[in-house]
Amino acid sequence: MKATKHIKTLNNANLKESAVKGGCGECQASCQSACKTSCTVANQKCEK
Amino acid sequence: MIHKYRLGGYSICLDVHSGAVHVLDDAAYEILDCFDDNGPLPDELPERVTEKLSGRFDEGEIEETWEALLELQGHGLLYSPDDYEQFADMMTRAPIKSMCINISHDCNLRCEYCFAAKGDFGQGRCLMPLETAKKAIDFIIANSGTRRNLEVDFFGGEPLMNFDVVKQTVEYARSIEKQYNKNFRFTITTNGLLLDDDKIDYINREMNNAVLSLDGRKEVNDRMRVTPNGKGCYDVIVPKYQKLVAGRGDKDYYIRGTFTKYNLDFTNDILHFRELGFDQLSIEPVVSDPKLDYSIKDEDLPRVFEEYERLADTIIASRRRGDRYNFFHFMIDLNQGPCAIKRLRGCGCGNEYVAVTPQGDIYPCHQFVGMEQFRMGNLNDGTFDTEMKLDFAKANVYSKENCRDCWAKFYCSGGCNANNYQYEGDIRRSHKTSCALEKKRLECAIMIKAALAEDGDAKECDGDDCIEPCSILK
């Protein structure tokens, strides 16, 4: 984690990169894991 | 666009379109407070900002912080532009890869809040014949294109009431998966009543995931989850779940509960799950008519928010004691989560994901079952409404009016289309209460990451909550 005096960045932000490389479609449908009544996608795993 | 908030003693800034998460000090937070969340920052620090903050911070500190913020912006980690709409139509003609097989439209419980009308989805109690289940497997194989991983969830009603057909369906799928170059992943969602040693062994051998329904403390569970005679099921199911989980090995499972207005202190239910030895946990707000006395209403939101914060604090405290467990809705992978394409569209219901009934009817998902206007076709007569599939495919965060400019759009991905329809009458009109809950959960989830990062918990990372060193600014 990069720490400056004022700002710590927690992650490698790769959302833009993933838009170009992504879309293989092999990942789990989010509702199949546990929820069944709501939608959270950010906790799903990427299959790549 | 950014979203910044203070929670748990942390000042957090999410850069929506890069996915970067920053923990700020007061100077950085208050400088950003002087600008619109849509940015960008100007090249020069405006005098009005210096004047406003001069009583709080000295000039050198303001200038130094400003430079750090500009550097982030320069690296595309702050106020990064929204250029994802060009991808919104990708994968609209996607194959079908996930299926919910309602193997039983009968149930041996009569849970008060059941969205399946106490098990039969309002269609009469019945079990799926094996022939229909085989057609469902044939359907997903035939419509899955080049997708290799196919997910099938045995759902209901109560799937264990038709367990022989479950087993024969798995056997059938396994017998043909290789010839079609497919890999079936099975899930079963059960209320646990009919579990016995043989079924537990079978589930632990064949099911990649087991979703086990339990609402929490005995009095909480038994108030809503009752037999037709009105008797609570806690005492019967808990020992069976403990046995199943003990033999689960490295396969997935979730203890899945529902909270209602009656247990807004649901952190106590999570803690009870821990006392029972479970560590993969989910508790979700009830989906119900707001007129019902147990429903979660807008007026309850402040209390629910407070409870999510309490749960987040509890999880952090547990982790600091070395006690690790997952709460499904606080799990978030800031580094290797789903790609942006997936995040544009979310669960994929009606497009990549469908549900089938014992009669062979096909619906966009299990929550649409029984709504005639959403019947997409039937396995027995070979019909399938590709226009409806396309309509669901196009329901993405850019075609949903309230999502386009929402900071949470890449985390909930437009929310639950079924909830949108049930509460707002349109799959593209976001259900505001669900949105508010989701945003609060996300804020808590990110705050937990900030707290664990401060602890240096990255060393203990197991992938679910990985916090890798950021190399971008090195």
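The values are calculated or read from the model by the stated rules, or taken from the named source; none is laboratory data. None of the values given here were measured: they were computed from a predicted structure. Cβ placement follows ideal geometry from the backbone for every residue including glycine, while neighbour counts extend to all protein chains displayed. Remember, those area values only see protein heavy atoms, side chains included, never the ligands or the DNA or RNA. Shrake-Rupley method; radii C 1.70, N 1.55, O 1.52, S 1.80 Å.
Find the relative contact order for segment B:9-63 and round it to a whole percent, using C-alpha pairs within less than 8 Å whose residues are 6+ positions apart. Let's see the in-between values first.
Numbers: 32 pairs, mean separation 14.6, N = 55.
RCO, segment B:9-63: 27 percent.
Calculate how steeply helix B:432-454 sits against the longest principal axis of the alpha-carbon atoms of chain B, using the helix alpha-carbon long axis, and give the answer as 0 to 90 degrees to the nearest 10.
60 degrees
Have a look at B:L390, B:N181, B:H3 and report the one farthest towards the positive end of the charge dipole of chain B, computed about the Cα centre with Cβ charges (Lys/Arg +1, Asp/Glu -1).
B:N181
Mind scanning B:K243/B:K440; A:K21/B:K389; A:K8/B:K297; B:K231/B:K389; B:K243/B:K389; A:K36/B:K134 and naming the pairs with a C-alpha gap bigger than 30 Å?
Beyond 30 Å: B:K243/B:K440; A:K8/B:K297; B:K231/B:K389; B:K243/B:K389.
Per residue, what volume in Å³ does the Cα convex hull of segment B:1-143 take up? The partial results should precede the final answer.
On the way: hull volume 28.4 nm³, N = 143.
Spelled out: Cα convex hull of segment B:1-143, divided by residues, is 199 Å³.
Going by Cα centres, segment B:238-305 and segment B:33-67 are how many Å apart?
If we compute the Cα centre of each part, the gap is 44 Å.
Once both axes come from the Cα atoms, what is the angle between helix B:234-246 and the longest principal axis of chain B, in degrees from 0 to 90, rounded to 10?
So the inclination is approximately 70 degrees.
In debye, nearest 20: dipole of chain B around its Cα centre with unit charges on the Cβ of K, R (+) and D, E (-)? List each step's numbers first, then the result.
Details: 59 positive and 81 negative charges, 474 e Å.
My answer is approximately 2280 debye.
Using heavy-atom solvent-accessible surface (probe 1.4 Å) with all chains present, what is the largest-first order of B:D426, B:D15, B:D36?
Sorted by accessible area, descending: B:D36, B:D426, B:D15.
If you average over every viewing direction, what projected area does the convex hull of the Cα atoms of the protein assembly as shown give, in nm²? All intermediate terms of the calculation are to be shown ahead of the outcome.
Values: hull surface 95.2 nm².
Result: a mean projected hull area of 23.8 nm².
Hey, could you grab the Kirkwood Rh for segment B:110-246? Inverse mean 1/r over distinct alpha carbon pairs, Å, one decimal. Write out the running numbers ahead of the final one.
Working: mean 1/r = 0.0617 Å⁻¹.
About 16.2 Å, per the Kirkwood formula over Cα pairs.
Against the longest principal axis of chain B, how steep is helix B:301-320, in degrees 0 to 90 to the nearest 10, with axes from Cα atoms?
Approximately 80 degrees, to the nearest 10.
Ordered by residue, what ³J(HN,Hα) values in Hz, to whole numbers, does segment B:414-422 give under the Karplus form 6.51 cos²θ - 1.76 cosθ + 1.60, where θ = phi - 60° and Gly and Pro are x?
Computed from phi, the couplings for segment B:414-422 are x, x, 8, 4, 5, 4, 4, 5, 4 Hz.
Let me understand segment B:100-139 better: what is its radius of gyration from the alpha carbons, and its Dmax, in angstrom?
11.5, 35
With just the Cα atoms of segment B:165-292, tell me how far they stretch along each of the three principal axes, in Å, largest first.
The principal-axis extents, from largest down, are 51, 33, 29 Å.
Do the alpha carbons of any pairs in A:K48/B:K178; B:K4/B:K52; B:K135/B:K432; B:K4/B:K342; B:K240/B:K409 sit beyond 29 Å of each other, and which pairs?
Working: A:K48/B:K178 21 Å; B:K4/B:K52 19 Å; B:K135/B:K432 38 Å; B:K4/B:K342 24 Å; B:K240/B:K409 39 Å.
The answer is B:K135/B:K432; B:K240/B:K409.
Please provide three numbers in whole Å: the alpha-carbon extents of segment B:226-266 along the principal axes, with the largest listed first.
Largest first, segment B:226-266 extends 34, 25, 13 Å along its Cα principal axes.
What accessible surface, in Å², does a 1.4 Å probe find on B:Y262, ignoring ligands, DNA and RNA and rounding to the nearest 10?
Roughly 80 Å² of B:Y262 is accessible to a 1.4 Å probe.
Would you please give the FRET efficiency between B:D82 and B:R148, computed as 1/(1 + (r/R0)^6) with r the Cβ-Cβ distance and R0 = 41 Å, to the nearest 0.05? Mind dumping the intermediate values first?
Values: r = 32 Å, r/R0 = 0.79.
Step by step, r from the Cβ atoms, then E = 0.80.
From largest accessible area down, sort B:H75, B:H431; use a 1.4 Å probe on the protein chains.
Numbers: B:H75 90, B:H431 20 Å².
Of B:H75, B:H431, the descending order of accessible area is B:H75, B:H431.
State the percent of C-alpha pairs, over all pairs in chain B, separated by a distance greater than 37 angstrom.
Details: 34808 of 112101 pairs.
Roughly 31 percent, rounded to a whole number.
Got a number for the accessible area of B:L53? Probe 1.4 Å, square angstrom, nearest 10.
10 Å²
Along the Cα→Cβ direction, 7 angstrom out, place labels at B:K218 and B:N268. What is the inter-label distance in nm?
A separation of 1.5 nm, rounded to one decimal place.
To the nearest 10 Å², what's B:D323's accessible area with a 1.4 Å probe?
40 Å²
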